[in-house]
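**Q** This structure is in structure tokens; I'll ask about it shortly.
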Amino acid sequence: MTIREVSERYGLSADTLRYYERVGLIPPVPRTGGGVRDYDGASLGWVELIKCMRSAGVGIEALTEYCRLFQQGEESLEARKALLVEQRRQLLERMADMQRSVDRLNEKIENYERGLAQKEQELRRHQAEREETGKR
């Protein structure tokens, strides 16, 4: 696949894809005889992985390290696993922080809804009192 096709498929700019390759986030992409990038299945797998990990908030440094370790082969299996386990731990921590924020926002919204409901009841009561007073 050309860089344009990969860009459209994954919603990443061509500049981003070139950057990922330049900084080592993805291994060098195979090229045609004319030097044009020709993304193969392995390259697409790396793009998918990086996009997923970036969406999860994994930093470029950790992803670059993972790619570097991957290129070392079998001897880096434990180091790669440890890196992924640490990234998962950090992600779960961020998710817990986000859940606490959502819970707090829900409390605030409920307070406003209760307050609005109370104000509405007061307005209805005042309106009923005025109507009652007007009937007398």
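**Q** Can you find a residue in the range 65-78 that is open to solvent by 80 Å² or more (accessible area, probe 1.4 Å) and of a type in the set (Gly, Ala, Ser)?
**A** no
**Q** Give the residue, chosen from 125, 104, 88, 130, that is basic (Lys, Arg) and surrounded by 11 or more Cβ atoms within 10 Å (Cβ to Cβ).
**A** 88
**Q** Out of the range 95-136, which residues are basic (Lys, Arg), modelled with pLDDT under 95 and either in a helix (DSSP H, G or I) or closer than 30 Å to residue 67 by Cβ (or both)?
**A** Passing the criteria: 108, 114, 119, 124, 125, 130, 135.
**Q** Here's something else I'd like to know. Can you name the number of the only condition in (1) at pLDDT 95 or above; (2) within 18 Å of residue 16 (Cβ to Cβ) that residue 58 fails?
**A** Unmet condition: (1).
The values are calculated or read from the model by the stated rules, or taken from the named source; none is laboratory data. Since we're looking at a predicted model, the values are computed, not measured. Glycine also receives a Cβ, built like all others from the backbone with ideal geometry; neighbour counts cover every protein chain displayed. SASA here: full protein model, heavy atoms, side chains in, ligands and nucleic acids out. Shrake-Rupley method; radii C 1.70, N 1.55, O 1.52, S 1.80 Å.
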